[in-house]
Amino acid sequence: MNKALEILKERGFFQQCTDVDGLSRLMDAGPVTFYVGIDPTGPSTHIGHMLPVFALKHLVSAGHRGIVLIGGGTARIGDPSGKTEMRKMISYEQIDENAASIRAQIDRFVKFDGKTALTANNKDWLADLNYIDFLRDIGSHFSVNRMLTFEAYKKRMEVGLSFVEFNYQLLQSYDFLQLNEREGTALQIGGDDQWGNIVAGIELIRRINGHEAYGLTFPLVTTSDGKKMGKTEKGALFLDPTLTTPYEFFQYWRNVTDADTRKFLLIFSFLSVAEIDALMAGNVNAAKERLAYEVTKEIHGKDEADKALAGAKAAFGGGGDKASMPTAEIPRARFDAGIGVIDLFFEAGLAGTKSDARRLVEQGGATVGESVVSDVKASIGSSALDGESEVILRAGKKKFVRVIAK
């Protein structure tokens, strides 16, 4: 097997390949142009979008040529793959804004140079398509019976599939055809929920121009308990620091289970397999901290990773810089008068509601400074403040905030 494909397989980026021997021979023969698509249906990518982009970076490092295709055209209807209901339609203007934002996020990670790593937007060839011509030239190559055998459509047929969404596979296949003709793209990579769309694109290319093309999919990443990876209490783990702060991003990875640590180091870091195995042979908490640091560094940069690490060390008594911890400001007068513990945890953002704060206290998960507070009627006064200006609150073992009395 080609060395680059071996790297992907060893690190967990390998679920299905349309012709692994043929693809391996092609990659042995020289650089292969490949692509991954991301639809700008929101203003930010989340970590689930980034799995194929991490794979792209491995392939580019191995000498191949990667294209990130921003779906400014396909986002206008939405991909039914992996969805239980139709996506909410958003305006074309919002899609364009999202596309620009997402391109900038991925550029920071991939560093588009226009040669080995580049970007495209399928709006350029989809937005002005003539519908009749498209049906005649492209739609005639698709069998409805064949389309309905793909898992994405079979699942949606149970709850309802709109005609608009039914067209998505034709559009994604057309993307592959366009990139094949424009850039010589011979490979599409993506999550395994894209298998049907990728195969359809390969078949379209063969029928239109007789070229050989290939598809490679990755497992959909879940945690060891079967849950979707990258889900937090606040929703998806976004790359936009205004939606998920670098510190929250760091803490997500620091708090993964022991069983997930090696898998996530392989997928979401660029440490060698030997280095990862050495980390896993030692203290698992040190391995988790390294995971959190490496992923945060890749997504947000070294400075933000350093700050997040310093904040975590300060919160858990290992030194570090308190200024790097997440903070909340509460008027000093509230402490002087005595602020109720439930109000304190709610206003500090450690509980979504006051009922949540009450349960936290009742279950012994509320810590003020070094003291566990289990009385829901407790009042926290200025004596709890360290140096008369701040106090660290902890909710359970993983969430904390530095409260500054102003």
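Nothing in this text is a laboratory measurement; each read-out follows from the coordinates by a stated rule. Everything quoted here is computed from the prediction, not taken from an experiment. Cβ atoms come from the backbone with ideal geometry, glycine included; neighbour counts cover every protein chain shown.
Looking across the stretch 1-52, the residues that are of a type in the set (A, V, I, L, M) and farther than 30 Å from Thr242 by Cβ come down to Met1, Ala4, Leu5, Ile7, Leu8, Val20, Leu23, Leu26, Met27, Ala29, Val32.
Within the stretch 362-389, residues that are crowded, with 18+ Cβ neighbours inside 10 Å reach partners that are assigned to a loop (DSSP other than H, G, I, E, B) with beta carbons closer than 6 Å, at six or more positions or on different chains, in the pairs Gly365/Gly396; Ala366/Val373; Ala384/Gly369.
Looking across the stretch 351-361 at every residue that is without any contact (Cβ under 8 Å) to a residue 40 or more places away in the chain and exposed (fewer than 13 other Cβ atoms within 10 Å of the Cβ), the one that is nearest to Glu329 (Cα to Cα) is identified as Thr353. Counting just the residues of the stretch 1-41 that are among the hydroxyl-bearing types (Ser, Thr, Tyr) and either in contact (Cβ under 8 Å) with a residue 60 or more places away in the chain or on the phi > 0 side of the Ramachandran plot (or both), which one comes out surrounded by the fewest Cβ atoms within 10 Å (Cβ to Cβ)? Per the criteria, the residue is Thr33. In the stretch 202-244, of all residues being under 14 Å from the mean Cα position of the chain (by Cα) and hydroxyl-bearing (Ser, Thr, Tyr), the one that is surrounded by the most Cβ atoms within 10 Å (Cβ to Cβ) corresponds to Thr244. Put simply, of Ala333, Ala348 the only residue that is of a type in the set (A, V, I, L, M, F, W, C) and crowded, with 21+ Cβ neighbours inside 10 Å is Ala348. Applying a threshold of 6 Å to beta carbon distances and a minimum spacing of six or more residues, or different chains, the list of pairs starting in the stretch 92-111 at a residue that is without any contact (Cβ under 8 Å) to a residue 24 or more places away in the chain and closer than 18 Å to Phe268 by Cβ and ending at one that is among the small types (Gly, Ala, Ser) and outside any helix (DSSP H, G or I) is empty.
Return the residues of the stretch 279-312 that are closer than 21 Å to Phe400 by Cβ, free of Cβ contacts under 8 Å to residues at least 60 places away in the same chain and small (Gly, Ala, Ser); say none if nothing qualifies. Hits for the stretch 279-312 are Ala286, Ala292, Ala305, Ala310.
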